[in-house]
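Below is one structure, written out as structure tokens; the observations come after it.
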Amino acid sequence: APNCYMLAGGGLGEGYRSWGVYGGSNTALPDGTTVNLQAAFGNNRSASIRDFIDGTSNSVMVYESTLKKVYTVYGPVWGQGRHIAVYGGPLPDGTPNSLTNCLFKINANPERCGLAGLTRPWARTPSSDHVGGCHVLLGDGSVRFMSENIDYITYCLTSFIKDGRVVGEF
């Protein structure tokens, strides 16, 4: 059934076998540092509290997501078995101005990322009909409004649970 939420999946899409696929996978952030892509959820498994090395109050579990995506086939419909409909969040690239760093920011407009004619958020992009950001559920059970203008590095660090980096105020 359609819903307005996406699970924090790190680098995971629905096409991958299991949550553990990204347990040891790392990627570079635009500032050159390396982080682990493990997030709170994935296929056939989710994180335990002991997996939240970064702390539950600094880790996103669920993002708000509008049903109005760039391709309606990729709306957030749980259990549909389509690529990137259930999981969301950033997919960082070590190249600062890369397309993926632009496309997966909160409420990102693909047209502003260089994809002419596409004005709705991409499939795995956290989004809402609220002006200025979206709501997120953190691992400690609190709900916060996350600004679409949040520092990109901070946004990435709150999306992964094992990066080991300190998250400042957000």
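Here, each number is a calculation from the coordinates, and none is a lab measurement. What you see is a predicted model, and the numbers here were worked out from it, not measured in a lab. Don't worry about glycine lacking a Cβ; one is built from the backbone with ideal geometry, like all the others, and counts go over all protein chains shown.
Listed by chain and number, the aspartates and glutamates whose alpha-carbon sits under 14 Å from that of Lys69, ignoring those within fewer than 8 places in the same chain, are Glu111, Asp129.
Leu137 sits among other residues whose Cβ lies under 15 Å from its own Cβ, and their net charge, with Lys and Arg +1 and Asp and Glu -1, is -1. Label separation (Ile53 vs Thr95): 2.8 nm, computed from points 7 Å beyond Cα along the C-beta direction. Electrostatic bookkeeping for Ser159 treats Lys and Arg as +1 and Asp and Glu as -1; over the other residues with beta carbon under 13 Å from its beta carbon, the sum is +1.
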